[in-house]
Every structure is written in structure tokens, then in C-alpha cells.
Amino acid sequence: MVRIGIVCCVWLLGVFNGAMAETPAERGDYLVNTIMACGNCHSPRDASGKTIAEKAFSGGLTFNTPAFVATAPNITPDIETGIGSWSDAEIERALVEGMRPDHGDFAGVPLAAIMPANFYKALLPDDLDAVVAYLRTIKPVRNEVTAPVYKAPVHRDPYPAAETGFSKTMFADPVGRGAYLVTIGHCMECHTAWSRGVSDFKTGLGRGGRVFPAPDGTPGATAANITSDSTSGIGAWSDAEIGRAVAHGVARDGHALRPPMAYTYYAALKPSDLADIIAYLRTVPPLQ
Ligand code: HEC
Ligand code: HEC
């Protein structure tokens, strides 16, 4: 009887581990298509603004700023027009340093700061490998995007949490796990006080105020204050209200929130990851 019990236990453990084991490509798929929302910039859209699934990651939005005009390139494995000829190390360098490889067009020229490498710098080595493993599995699509034009030297604001870095020991705490997700999701890039192209992470973290252009180029949504302040921020919101805003794009009063936040990607976040994000947001020092 005891023996049967042990055999059963070992068998159950095996099944459990099998169900839990996630391949690097599966982990990368989850990161890229939820919290990191690469397709929000890198995938083409139809006239209604919906991502064109069969051309996913083949080149997306064009950003026209005083410092550069750059289109999010084709990051499918197409050899000629995508990143199929790049080594894993070259792709990783683009992600965490914002540097192009030393071959091809624009060899050695840094990527425009809109590519959030200052946040992706925080990626744990396993997650960085996982993102690359997933990118290798994407269907190659042939599509050449317009070359960038640079008008000023590239300037990336160091993001304090990414500079300090993360370790798995910090993940014992929901706030640590949430801080990591908020970092690799570059939430604070949009939600921090911003002036003349510089983010004030030191004294304006989470205060909001940055205005984004609407798809037609006119001024669109203003990034909200997401600090724990109970009047200007989200300190008085319930967890359910914050979760609904992040993952479903619904404001506290029920109206639909506008782009460019990647609500449709965040909708696929695991409930536990969304809960960790909320736990971290509750710790962001209040700002009016
Ligand atoms: C906020 C928009 C944005 C997000 C989010 C974003 N990117 Fe980018 N990315 C860009 C832009 C724009 C460029 C091109 C910059 C330039 O040409 O100087 C770029 C460049 C790149 C390059 C270099 C490709 C080449 O041909 O030069 C790679 C690789 C890349 N991104 C991968 C990713 C991955 C993977 C993710 C998600 C983990 C991601 N990006 C998220 C906007 C974004
Ligand atoms: C590309 C820019 C961008 C990114 C990245 C971004 N947001 Fe937002 N977010 C916005 C904008 C703009 C709004 C306001 C939309 C509106 O008012 O219609 C907003 C609204 C919100 C709101 C609703 C607040 C309110 O008062 O209505 C919350 C909560 C929020 N964001 C949290 C987050 C979190 C958490 C992340 C990262 C997982 C994130 N955002 C990433 C731009 C961004």
C-alpha cells in the first residue's frame, strides 16, 4: 500500500512538472505578446488600427520626433528584410543596448531611443534568451521598411530599476516581481514626467502628463498619474479597477482608454502577473 502511494506520488510529480515546464520559446512568446508588447510598435495595422496577424512583426509604426524619424523595423526571421541573418548575440545587443550589429545598413549605428533598450536592459539572462528563441519561431515575412533619418545624437534616459538590475531572489516578493514586469513593460517610459525629450525618473516617476499623438497626428491621450497618490494617482482605486484599466483599457468611470498603451496585449497577462504589477504600483511614491 505504502509502495503504491510512493509510485503514485512520483508519477503525479512527473505529470505536474511536465505541465509546468515551459520551453524558452514559450516563455518568449508570453513575454513578447503580453507585457513587452513588441507588436504594438513592430506589427503593421489595418485602416481600423487592428494588427494584421499574418504580417505580425514585419514592420510597424513610424515615429516622427525632433531627434529622428524611424519606423519600427521588420523583426521576423526573413533573411533579407528582417533579422534572419543576425546572430543571437546581435539580437540580444539590439534589445538591451539598443545597438545594431557591425554589418549591414547602418552598421554600428545606435537605434533611435524609441526602442526601449534602457528598460530591456533589466531582462534576466533566461528571459533575454527566451525572447530571442521566440523571435526565431515567427513566420518570416518579406517587407522592407523605410530607412531611419537621424537629426540628433541618440539619447536614452537610464531607468534606475534597470540600472540596478533584478535577481530571482527578488521574486520571492510580489512587489519585486511586479517591479520587474513594470520595468520590462516600459510602463514608466510613458507614465513619467517628461520634458523636451527627457524623462524625469528621479522626481517624476509615475506622475504622467506626457501627451501622445492620436493615430491621425493630432494630440491624443495624456498619460495618467499612476503613482499611489489617492487624489491625482490611483491610490484610491481598487485592485479590480486598476486591473481593468491595464488589461482591458477601461477607465475608473467606465470610459474606454485610448492608445498607445498596449491594452490588448496586457489582456493576455496571467492573473498572477497582473496582481504583481498592481502590488508594485501600490508602492510607487505618491506625486500630485
Ligand atoms: C515603443 C515602440 C517599440 C517597442 C515597444 C519595441 N520596439 Fe523594437 N524598435 C522600435 C523602433 C522604432 C526601432 C528602429 C529604430 C531605428 O531605426 O533607429 C526598433 C528596432 C528594433 C530592432 C532592430 C532591428 C533592425 O533591423 O535594426 C530589434 C531587433 C527590435 N527593435 C526588437 C524588438 C523587440 C523584440 C521588442 C519587444 C521585446 C521591441 N523591439 C519593442 C520600436 C519599438
Ligand atoms: C506607450 C505608452 C504607455 C505605456 C507603455 C503604458 N501606458 Fe498606461 N497609459 C498611457 C496613456 C496615454 C494612458 C491614458 C489613456 C487615456 O486617458 O485615454 C494610460 C492609462 C493608464 C492607466 C489608467 C489610469 C487612469 O487614471 O485612467 C493605468 C492604470 C496605466 N496606464 C497603467 C500602465 C501600466 C501598469 C503599464 C505597463 C504594464 C502601462 N500603463 C504602460 C500610456 C502608456
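Between Lys50 and Thr23, the distance separating the two model label sites (each 7 Å from Cα on the Cα→Cβ line) works out to 2.9 nm. If r is the Cβ-Cβ distance from Val109 to Arg136 and R0 is 22 Å, what FRET efficiency results, to the nearest 0.05? The value I calculate is 0.35.
Taking all Cα pairs closer than 8 Å and separated by 6 or more residues, the relative contact order of the chain comes to 16 percent.
Surface analysis of segment 62-203 yields an accessible area of 50 Å² per residue, using protein heavy atoms and a 1.4 Å probe. Ratio of Rg to Rh for the chain: 1.00 [Cα atoms; Kirkwood radius as inverse mean 1/r over pairs]. Applying the Karplus relation 6.51 cos²θ - 1.76 cosθ + 1.60 with θ = phi - 60° to segment 24-37 yields 3J(HN,Hα) values of x, 5, 5, 4, x, 4, 4, 5, 5, 9, 10, 5, 8, 6 Hz, where x marks Gly and Pro. With charges only on Cβ, +1 for K and R and -1 for D and E, what is the dipole size of segment 157-288 about its Cα centre, in debye, rounded to 20? Using only the charged Cβ atoms, the result is roughly 20 debye. Averaging the Cα positions of each part gives two centres, and for segment 97-114 and segment 168-236 these lie 27 Å apart.
Among the listed pairs Lys50/Lys139; Lys55/Lys168; Lys50/Lys168; Lys121/Lys270, a Cα-Cα separation exceeding 26 Å is found for Lys55/Lys168; Lys50/Lys168. Charges were assigned to the Cβ only: +1 to each Lys and Arg, -1 to each Asp and Glu. The resulting dipole of segment 22-153 about its Cα centre is roughly 500 debye.
Take the solvent-accessible surface of the protein heavy atoms, probe 1.4 Å, and return the percent of it on segment 157-288 that carbon and sulfur atoms account for. It is 61 percent, rounded to a whole number.
The helix-only estimate of mean residue ellipticity at 222 nm for the chain, built from DSSP H runs of length n ≥ 4 each weighted as -39500 (n - 2.57), is -10500 deg cm²/dmol after division by the residue total.
Shown here: segment 169-267, whose C-alpha atoms stretch 44, 32, 28 Å along the first, second and third principal axes, sorted largest to smallest. All other residues with a Cβ under 13 Å from the Cβ of Asp78 taken together, and with Lys, Arg as +1 and Asp, Glu as -1, what is their net charge? Charge balance near Asp78 sits at +2.
Met170 contributes about 80 Å² of solvent-accessible surface, heavy atoms of the protein only, 1.4 Å probe.
Farthest towards the positive end of the charge dipole of the chain, among the residues Ser85, Met261, Ile35, is the Cα of Met261, using unit charges on the Cβ of Lys, Arg, Asp and Glu.
In segment 22-153, taking the dipole from charged Cβ atoms about the Cα centre, the farthest positive-side position among Ala107, Pro148, Ile75 is held by Pro148. If you look at the Cα atoms of segment 38-131, you get an Rg and a Dmax of 13.5, 38 Å.
Evaluating 6.51 cos²θ - 1.76 cosθ + 1.60 at θ = phi - 60° for every residue in segment 237-254, the Karplus couplings come out as 6, 7, 4, 5, 5, 5, x, 5, 5, 5, 8, 10, x, 10, 5, 4, 7, x Hz, glycine and proline recorded as x. Each label point was placed 7 Å from the Cα along the Cα-to-Cβ direction; for Lys202 and Ser272 their separation is 3.9 nm.
For His186, the solvent-accessible surface computed with a 1.4 Å probe is close to 40 Å², ligands and nucleic acids excluded.
The values are calculated or read from the model by the stated rules, or taken from the named source; none is laboratory data. Everything numeric here is computed off the predicted structure, so don't read it as measured data. Note that we place each Cβ from the backbone using ideal geometry, even for glycine, and neighbour counts take in every protein chain shown. Accessible surface areas use protein heavy atoms only, side chains included; no ligands, DNA or RNA. Shrake-Rupley method; radii C 1.70, N 1.55, O 1.52, S 1.80 Å.
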